[in-house]
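For reference, the structure discussed in these notes is given below.
The values are calculated or read from the model by the stated rules, or taken from the named source; none is laboratory data. Note that the structure is predicted; figures quoted are calculated from it, not measured. Every residue, glycine among them, receives a Cβ derived from its backbone with ideal geometry; neighbour counts consider all protein chains shown.
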Amino acid sequence: MINDLTVKDSDVNNILVKFADDMTVSAPLKNSYDSAPVQVDNIEKWTETNRMSLNLDKTWEMVVSGKSTNPLPEPIAGIERKTWLKLLGTTLQNDPSCWDLQVDNLLTRASSRKHILRICRSYVYSKKQLTFLFNALIMSLFAYGIETIIGGICGSDSRDKKEEVTVIPLVSCSRDIAKHLGSLAFFGPESEVDLILSRAAIFKIPQDINDMTICPFHRGKLGLGWTRGASIRCRVPPVLSQHGNKTKKSWPKGERGLGKYDSLHVLRKTGMFIQCGSGKNVLSDFDA
């Protein structure tokens, strides 16, 4: 059905993706030119030609801008602009470094499934059986879409005007991380390599470290270019921090950063990986 529908302004790298009866269009904004309205008009004309209708009530627009100071393009007429969109079960926000809504959704779904584990444990299921259930019911939630969350496609660092894409040995990464640690108020990583590995849930230097390579995109995303985004909340899971329970109804700000070994502790205790540098309230909230 959709083979004859092509994108307009292909020279600006517009992308059209179809899944079942849904379509998603990605239209980069280049040199202040917004090609999205042209693309929407193209789709509307195509639906009319094929005697179909475009349901504008279920059509939304989201501008992914991050920390850019450039003015946003004008909204597309007749289409609601949102700050988040849910695509194939993954909640994306207009700040590409902020995953608050996705993480909150995962925590809510995981919490509801924990009841099944408690019931099975009360029936004296073996540790092996409970681990199997945990992986199937809970870890599967966090594994889904993980390439999107950590960035599965290599490329250039978004901060690099030259858009360099050269892949280098991981061990050659030797930038000073002191300012980065200080600005986010956390500790643990001893080098840029250690910082990058920690944010990929690798807490010990692997034996094959000399065989590892990294692209500029992941070096920035996992290293010195990493940010907390718009989140100001403590990211320590409620099961450890007790935030939001009957005695601690308020959810405090993350005034400091989650350390490398704090991140490891959270992963071991809950199975949830929270990257070092993420906001936390105080260490005593989840001390072992």
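For the range 135-215, the helices (runs of 4 or more DSSP H) that sit wholly inside it and include 2 or more residues that are under 20 Å from Leu267 (Cβ atoms), modelled with pLDDT under 85 and out of contact with any Gly (no Cβ under 6 Å at 6 or more places or on another chain) are 140-143, 146-150. Got a sec? Which of Ile79, Ile2 is at pLDDT 85 or above and either over 28 Å from Lys161 (Cβ atoms) or surrounded by 12 or more Cβ atoms within 10 Å (Cβ to Cβ) (or both)? Of the residues listed, the single one that is at pLDDT 85 or above and either over 28 Å from Lys161 (Cβ atoms) or surrounded by 12 or more Cβ atoms within 10 Å (Cβ to Cβ) (or both) is Ile79. Residue count for the range 250-265, restricted to those that are part of a strand (DSSP E or B), over 8 Å from Cys234 (Cα atoms) and charged (D, E, K, R): 1. Filtering the range 31-62 to residues that are charged (D, E, K, R) and surrounded by 10 or more Cβ atoms within 10 Å (Cβ to Cβ) leaves Asp34, Asp41, Glu44, Lys45, Glu48, Glu61. Among the residues of the range 165-199, the one identified as more than 23 Å from Gly257 (Cα to Cα) and free of Cβ contacts under 8 Å to residues at least 12 places away in the same chain is Ser172.
This table checks each residue for (1) free of Cβ contacts under 8 Å to residues at least 24 places away in the same chain; (2) touching a helix residue (DSSP H, G or I) at 6+ places or on another chain (Cβ under 6 Å); (3) not in a loop (DSSP other than H, G, I, E, B).
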| site | (1), (2), (3) |
| --- | --- |
| Val17 | yes, no, yes |
| Glu44 | yes, no, yes |
| Arg51 | yes, no, no |
| Leu85 | no, no, yes |
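In the range 141-163, the count of residues that are loosely packed, with under 12 Cβ neighbours inside 10 Å and farther than 30 Å from Ser26 by Cβ is zero.
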